[in-house]
Amino acid sequence: MATDTPLESVRLSILGMRCAGCVSAVESTLTAVPGVQSATVNFADHSATVQGRVEPERLLQAVQQAGYTAALMVGLEDPTVQEALEQQRYFKLLRKAAVAGAFGAFLMVLEHFGGLPHIGSAAGQWFWPQTALLTLAIMAYSGGHFYSGAFKAFTLRQANMDTLIALGTGSAWLYSCIVIDYYQALPPLAKHAYFEAAVVILAFINLGSALEIRARGKTSSAIRQLIGLQPRTARVVREGEEIDVPIETVGLGETLRVRPGEKIAVDGVVLEGHSAVDESMLTGEPLPVEKTQGSSVAAGTLNQSGSFLFTATRIGRDTALAQIIKSVQRAQASKPSIARLADQISAVFVPAVVALSALTFVLWYAFGPEPALGYAFVTSMTVLVIACPCALGLATPMSVMVAVGRAAQAGILIRNGDALQTAGKLTCLILDKTGTVTEGRPVVASVQSHGDFTEAAVLRLAASLEKNSEHPLASAILSAAETQGLALENITDFKAIIGLGISAHWQGQTLLFGNETLLHRAAVDTSCYADALKALSARGQTPMLLAVAGQVAGLIAVTDPVKHDSLAAVEKLKNRGIRVILVTGDNPITAKAIAEQVGISEVHAQVLPQDKAEVVKALQQQGEVVGMVGDGINDAPALAQADVGLAIGTGTDVALESADVVILQGSLLKVPETIALSKATVANIQQNLLGAFLYNTLSIPVAAGVLYPWFGVLLNPMIAGAAMALSSVTVVSNANRLRWSKW
């Protein structure tokens with residue numbers, strides 16, 4: 001039963017949609033299926049995303065009953081298949097446009113040079129019926145998809161772009177036949193056939209649709225490139241032999257070999273070998289990343305010089321690449337709030353145009369000059385042809401698709417359309433410290449020795465103590481000792497003292513390693529380092545003292561270094577007029593020191609992760625539009641509370657569900673880039689919507705003949721068809737400008 005299936009997301013490929021009215025019809029059809037929680041149709045890539053507990057077969061059946069063709073999209077679809085289908089449709093539309101255009105041009109040239117026989121003449125009585133039949137055949141070939149679409153919409157009590165085209169061109173052919181059959185009964189000035197207009201209109205519309213497909217193909221190139229990163233085969237080690245197998249047959253825990261120049265097939269962990277891996281296709285980071293034993297590798301990344309073995313940890317739709325693709329597809333299909341106006345207008349657009357066309361006919365027939373019937377017919381037909389719901393329907397999804405795809409190529413995952421719209425409106429940005437402003441990986445900043453001890457001896461003893469410690473700073477000291485090749489000592493009686501440090505014994509002597517309070521409790525004199533302790537703390541470093549047998553032996557300062565681009569990122573944010581605040585659980589001295597290094601003046605220290613959301617809420621109550629930048633895990637409550645949550649992650653461990661935007665490479669500079677992209681995208685959408693609104697607002701009255709009483713201007717139906725086709729192409733072309741714009 002459908003109700004027993006888990007709540008999940010299903011993607012469908014929809015064929016047959018040609019305007020925003022089709023989008024509304026498909027969405028309504030899918031939403032009406034029992035078990036569907038929500039359905040969103042993306043007119044830009046002709047897909048639908050359905051959430052709910054429902055069997056996919058029921059969705060396919062519902063779409064087909066509504067007059068459209070649907071197919072289930074599973075996994076990482078081969079982009080070449082979709083490209084091939086689009087190419088076939090592109091050339092098919094070009095052929096239809098060529099046939100209709102050639103015949104229409106032939107009639108127009110004959111008419112221009114007086115080569116057409118008079119309708120009432122003997123030659124005309126043979127020529128024009130034959131022309132009517134030939135025109136009908138060409139209309140069936142070049143416009144059959146429009147007429148069948150209009151009929152299906154009519155049977156479902158709907159109206160779409162096909163309705164307008166079918167009514168416009170069909171009425172042109174029918175009127176022309178009436179002129180032939182009832183030539184003697186019509187006024188002289190109304191005795192004109194419009195066969196050439198019918199086929200030329202179809203030629204222009206088919207040509208416009210073909211150009212739209214070509215432009216739309218460029219729009220979705222980003223997602224195709226991401227899907228294309230997935231290799232089709234993998235080299236696995238089975239029973240001691242290395243064999244190439246289809247990617248679908250690789251299992252969890254299998255050992256795989258990667259040779260120089262090959263793409264990594266699945267996510268995993270390096271077992272043996274050493275290499276540098278180009279992860280730029282996932283993270284946008286141009287520098288290759290060194291991989292050794294224990295390093296994580298991601299599917300789709302490119303191995304460079306070395307060869308290594310790794311074990312598969314995530315396969316199929318669970319890999320980081322698959323999750324990124326899924327996130328991009330979901331974002332491209334989402335609708336920001338700015339799109340709702342277009343959706344509302346599109347829902348009533350076609351019926352309104354049909355009503356305006358009928359009103360135009362009545363007014364011209366009742367009040368127009370002779371031949372009133374001819375004028376009434378031409379103007380009403382022109383109104384039907386020039387109206388373009390496609391431009392309205394494409395205005396938002398095209399821009400969103402380009403922007404989300406462009407962002408993904410730069411290592412920025414935008415998870416929904418609302419985040420894309422809201423990011424440009426941010427007035428305040430909260431930054432977490434560890435892992436966001438800083439590297440999140442402590443390192444030894446300095447080692448100082450005292451008395452008879454050398455710096456190497458101090459570091460060796462400290463590392464010998466820390467090898468048994470779980471303290472976050474232990475790894476930094478151990479790493480520094482390993483880098484210097486220091487051999488560790490045997491330590492006994494190890495004891496961790498919470499909040500203070502470590503005590504142990506070495507060669508019969510007591511060792512203490514920790515903060516100043518630990519040594520004071522043991523009556524160890526630390527006055528020699530009094531000034532150094534204050535200076536190091538003021539720089540945001542954590543000083544730890546080593547005492548041997550009751551005497552200070554040295555000091556080690558550990559720091560979490562500020563990322564090299566954090567200062568530049570903060571400056572860019574402040575230059576945009578954004579209020580930047582550092583919120584951290586660290587102590588006030590360290591927090592203030594880090595903030596000063598990156599130019600942040602407002603600091604909230606010793607804030608627990610669960611309390612960060614309250615800081616966000618308080619700022620929102622002050623009227624700020626708040627963005628939160630964190631690691632996507634500890635900061636999840638604050639990320640959820642913020643107007644836009646931005647998670648700093650990595651290409652192999654992405655917290656996709658914790659934020660609206662995920663920065664894959666961890667660079668804070670991507671935050672101002674995201675804000676700039678948001679502003680550019682919203683501006684692009686507004687341009688598209690404004691252009692579509694102005695086009696229809698101005699062209700429909702002109703087509704109806706509003707200028708005729710003053711200027712004697714009437715719009716030719718063929719010009720109207722060309723304008724209608726080009727309006728959609730213009731919207732798509734403008735959206736594609738985002739692919740090249742700098743932000």
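The values are calculated or read from the model by the stated rules, or taken from the named source; none is laboratory data. What you are looking at is a predicted structure, and each value in this text was computed from that prediction instead of being measured. Cβ coordinates were reconstructed from backbone atoms using ideal geometry, including for glycine residues, and neighbour counts include every protein chain displayed. Heads up: the accessible areas ignore ligands, DNA and RNA and are worked out on the full protein's heavy atoms, side chains in. Shrake-Rupley method; radii C 1.70, N 1.55, O 1.52, S 1.80 Å.
Take residue 694 and tell me if it is of a type in the set (A, V, I, L, M, F, W, C), open to solvent by less than 10 Å² (accessible area, probe 1.4 Å) and modelled with pLDDT of 85 or more.
Against the criterion (of a type in the set (A, V, I, L, M, F, W, C), open to solvent by less than 10 Å² (accessible area, probe 1.4 Å) and modelled with pLDDT of 85 or more), residue 694 does not qualify.
Would you check if residue 611 is over 30 Å from residue 520 (Cα atoms), open to solvent by 20 Å² or more (accessible area, probe 1.4 Å) and modelled with pLDDT under 90?
Taking the combined requirement at face value, the residue satisfies it.
Given the criteria at pLDDT 85 or above, of a type outside the set (Gly, Ala, Ser) and closer than 30 Å to residue 732 by Cβ, does residue 709 qualify? Can you show your working first?
On the way: at pLDDT 85 or above: yes; of a type outside the set (Gly, Ala, Ser): yes; closer than 30 Å to residue 732 by Cβ: no.
Against the criterion (at pLDDT 85 or above, of a type outside the set (Gly, Ala, Ser) and closer than 30 Å to residue 732 by Cβ), residue 709 does not qualify.
Hey, can you tell me all the residues within the range 499-532 that are closer than 23 Å to residue 469 by Cα and assigned to a helix (DSSP H, G or I)? Full working, then the answer.
Going residue by residue through the range 499-532, those that are closer than 23 Å to residue 469 by Cα are 499-522, 524.
Within the range 499-532, 516, 517, 518, 519, 520, 521 qualify.
When you go through 505, 450 one by one, which is the residue that is touching a Cys at 6+ places or on another chain (Cβ under 7 Å) and either crowded, with 18+ Cβ neighbours inside 10 Å or in contact (Cβ under 8 Å) with a residue 12 or more places away in the chain (or both)?
Matching residue, one of 505, 450: 450.
Consider residue 558 against the criteria (1) open to solvent by less than 40 Å² (accessible area, probe 1.4 Å); (2) out of contact with any Cys (no Cβ under 9 Å at 6 or more places or on another chain); (3) β-branched (Val, Ile, Thr); (4) more than 27 Å from residue 456 (Cβ to Cβ): it satisfies all of them except one. Which criterion is unmet?
Failing condition for residue 558: (4).
For the range 567-585, what are the residues that are closer than 19 Å to residue 635 by Cα and in contact with a helix residue (DSSP H, G or I) (Cβ under 6 Å, 6 or more places away or on another chain)?
580, 582, 583, 584, listed by residue number.
For the range 111-130, give me each residue that is open to solvent by less than 50 Å² (accessible area, probe 1.4 Å) and hydrophobic (A, V, I, L, M, F, W, C).
116, 119, 127, 128, listed by residue number.
Conditions: (1) in contact with a Ser or Thr (Cβ under 8 Å, 6 or more places away or on another chain); (2) in a helix (DSSP H, G or I); (3) over 25 Å from residue 196 (Cβ atoms); (4) open to solvent by 30 Å² or more (accessible area, probe 1.4 Å). Residue 723 meets all but one. Number of the miss?
With (1) in contact with a Ser or Thr (Cβ under 8 Å, 6 or more places away or on another chain); (2) in a helix (DSSP H, G or I); (3) over 25 Å from residue 196 (Cβ atoms); (4) open to solvent by 30 Å² or more (accessible area, probe 1.4 Å) applied to residue 723, the lone miss is (3).
Specify the residue that is surrounded by the fewest Cβ atoms within 10 Å (Cβ to Cβ); the eligible residues are those in the range 366-421 that are over 29 Å from residue 42 (Cβ atoms) and small (Gly, Ala, Ser).
Looking at residues that are over 29 Å from residue 42 (Cβ atoms) and small (Gly, Ala, Ser), I get 366.
Can you pull out every residue in the range 493-517 that is modelled with pLDDT under 90 and either touching a Phe, Trp or Tyr at 6+ places or on another chain (Cβ under 7 Å) or hydroxyl-bearing (Ser, Thr, Tyr) (or both)?
Hits for the range 493-517 are 501, 517.
Among the residues of the range 621-641, is any aliphatic (A, V, I, L, M), assigned to a helix (DSSP H, G or I), open to solvent by 50 Å² or more (accessible area, probe 1.4 Å) and out of contact with any Cys (no Cβ under 8 Å at 6 or more places or on another chain)?
yes
Would you check if there is a residue in the range 250-263 being surrounded by 15 or more Cβ atoms within 10 Å (Cβ to Cβ), under 25 Å from the mean Cα position of the chain (by Cα) and modelled with pLDDT of 90 or more?
Initially, the range 250-263 is screened for residues surrounded by 15 or more Cβ atoms within 10 Å (Cβ to Cβ), giving 250, 254-258, 262-263.
Imposing the further condition that a residue be under 25 Å from the mean Cα position of the chain (by Cα) reduces the set to 263.
Okay, now just the ones that are also modelled with pLDDT of 90 or more, so 263.
There is at least one residue in the range 250-263 that is surrounded by 15 or more Cβ atoms within 10 Å (Cβ to Cβ), under 25 Å from the mean Cα position of the chain (by Cα) and modelled with pLDDT of 90 or more.
Anything in the range 132-157 that is assigned to a helix (DSSP H, G or I), surrounded by fewer than 18 Cβ atoms within 10 Å (Cβ to Cβ) and among the hydrophobic types (A, V, I, L, M, F, W, C)? List them, or say none.
Selection gives 133, 134, 136, 137, 140, 151, 154.
I need the full set of residues from the range 663-679 which are buried (at least 21 other Cβ atoms within 10 Å of the Cβ) and hydrophobic (A, V, I, L, M, F, W, C), in order please.
663, 664, 668, 671, 675, 677
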